[in-house]
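Asks: One structure is given below, represented as structure tokens, and several questions about it will come after.
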Amino acid sequence: MAVDTLETVRAADRAPEAERAGTERICEQCGAPFQGRRDKRFCCDPCRTRFGRERKERAVQATIDQLAQMAGVDATEMLKRNS
Ligand SMILES: [Zn+2]
């Protein structure tokens with residue numbers, strides 16, 4: 001729609017230079033430099049997905065370790081025995 005396009009162009013004109021052109025960023029997952037807006041943290045979708053998954057795994061592991069510590073057992077040894 002013509003009106004929508006016009007509004008988008010106007011918004012871009014008002015946006016600060018960094019927002020419009022993108023800045024040099026470093027991917028938080030693989031460390032690769034890429035061009036992106038300030039709020040972008042990853043160079044590509046696979047990196048974003050992978051970062052989220054690994055963060056979840058780290059959180060789970062931390063919880064297991066914490067519970068094991070409370071129970072006074074070594075979680076790593078316990079998992080070895082069960083497998
Ligand atoms: Zn990446």
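Taken together, the values in this text are just the output of simple stated rules run on the coordinates, not laboratory data. Since the model is a prediction, treat every value here as computed from it, not as a measurement. No Cβ is skipped: glycine too gets one built from the backbone with ideal geometry, and neighbour counts run over all protein chains shown.
Asks: So which residues in region 27-49 are within 13 Å of the chain's Cα centre (by Cα) and assigned to a loop (DSSP other than H, G, I, E, B)?
Replies: Step one: filter region 27-49 for residues within 13 Å of the chain's Cα centre (by Cα), giving 27-31, 39-49.
Within region 27-49, Cys27, Glu28, Gln29, Cys30, Gly31, Asp39, Lys40, Arg41, Phe42, Cys43, Cys44 qualify.
Asks: I've got another one for you. Consider region 39-68. How many of its residues are touching a Phe, Trp or Tyr at 6+ places or on another chain (Cβ under 7 Å) and exposed (fewer than 13 other Cβ atoms within 10 Å of the Cβ)? Talk me through it step by step, then tell me what you get.
Replies: Within region 39-68, the first condition is being touching a Phe, Trp or Tyr at 6+ places or on another chain (Cβ under 7 Å), and the residues that meet it are 42-43, 48, 51.
From the residues that got through so far, the ones that are exposed (fewer than 13 other Cβ atoms within 10 Å of the Cβ) too are none.
Number of matching residues: 0.
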